[in-house]
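Written below as structure tokens is the structure these notes are about.
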Ligand SMILES: [Ca+2]
Ligand SMILES: [Ca+2]
């Protein structure tokens, strides 16, 4: 029998307390003054995503090889989740994102809906992103299980290779829709092909079916291709961050090729240009025309050459760092920095970046406004950034 555990019960559990303490100074000498100090809270192997269960202090962490763990950030108690899918681990693939419904903000950890994304193997050495939905149940402070996990969406088609899944998940602030970033799997041209969901953002109902009012629903009816009805925007390369601002606008950050990382305001039906337009160029030096006004493609709100190689993005809404309210924070993999971006209307500009001298994979904002950062790779540190 599954018992509902309150957070106070979690806090009282004394086992498996994580080591906490001040980490080594993480800021390079050339960086601007930082508004935060950093605490190392735990380590994980190849973490890919971190997300708080709404209404709790419990942070969930996916590990790319296929594990889902959690840490009660109030007590330091850590736990593991059973009932996970088999993932196609390798390259950029494995267990991906984890997401919860904002309306399910109970202080009780179990009994809530959980969404996961992962790389799923197909026939003939192919793979594709999959999204599953289940119910989280917890019968001990350190053990939860996903009950009834069912695949509700798959990238179409599955292809060879192990890159550019994207598979970032984002629930709209009103709790009605699930947005899935679907990478172009390093195949480039499918991003412009609206008969596939590679290189797209799709907008789904919470059960994974295409949401009513999607911009290509009529085209899907005419062609008889149901996946076209899932598409919200297209011409994307490899999106690794999606976040909502206070106005209810969706932003995404994606990898360019050699140069041309992009921050985009996501609009329904818009074509973001890949691989026809990029402010970067192909790795072999072949030119790709830059984004230009009037060329028919949505231009980025900001772009980076050299690249920042984004791992994740949040838009800060807490009170702990008043100067960062409304700013995007981007975790840099290649740039090994936390990048601070301010918005002005529909454009954006980098304000500053703080060097961490480690690849940064994922970000979350804590209930108290602290900023949580997961580094990348084996033995990656989970850091809590608090105001000085
Ligand atoms: Ca673009
Ligand atoms: Ca170019």
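Observations on the model:
- Added length on full extension, which subtracts the Cα-Cα distance from 0.36 nm per residue, residue 347 to residue 147: 67.7 nm
- As a proxy for reagent exposure, ranking 286, 312, 295 by other Cβ atoms within 10 Å from fewest up yields 286, 295, 312.
- Region 167-314 - percent relative contact order, Cα under 8 Å, separation 6 or more: 20
- Exposure proxy ranking, count of Cβ atoms within 10 Å, fewest first, for 166, 335, 317: 317, 335, 166
- Distance from region 231-252 to region 320-388 (C-alpha centre basis), Å: 17
- Region 51-93: mean projected area of Cα convex hull, nm²: 3.5
- Calculated mean residue ellipticity at 222 nm for the chain: -1000 deg cm²/dmol, from DSSP H runs with n ≥ 4 weighted as -39500 (n - 2.57), summed, divided by the residue count and rounded to 500.
- Cα centroid separation, region 52-78 to region 175-213 (Å): 27
- Normalised by residue number, the volume inside the convex hull of the Cα atoms of region 122-184 is 135 Å³ per residue.
- Value of relative contact order over region 142-251, rounded to a whole percent, pairs C-alpha under 8 Å and six or more apart: 26
- Computed on the Cα atoms alone, the convex hull of region 213-252 gives a volume of 80 cubic angstrom per residue.
- Ascending count of other beta-carbon atoms within 10 Å, so fewest first, for 165, 234: 234, 165
- Translational diffusion coefficient (Stokes-Einstein; Kirkwood radius from C-alpha pairs) of region 265-371 at 25 °C, 0.890 mPa s, in µm²/s: 160
- Taking a ≥ b ≥ c as the square roots of the eigenvalues of the alpha-carbon gyration tensor, region 87-126 is classed prolate because a/c is 1.5 or more and a/b outweighs b/c.
- Relative contact order [Cα under 8 Å, 6+ residues apart], region 334-388, whole percent: 24
- Scaling against 2.2 N^0.38 Å puts the C-alpha radius of gyration of the chain at 0.94.
Bear in mind these aren't lab numbers, they're just calculated from the coordinates by the rules spelled out. Source: prediction; values computed, not measured. FYI the Cβ positions are ideal-geometry reconstructions off the backbone, even for glycines, and counts take in every protein chain you see.
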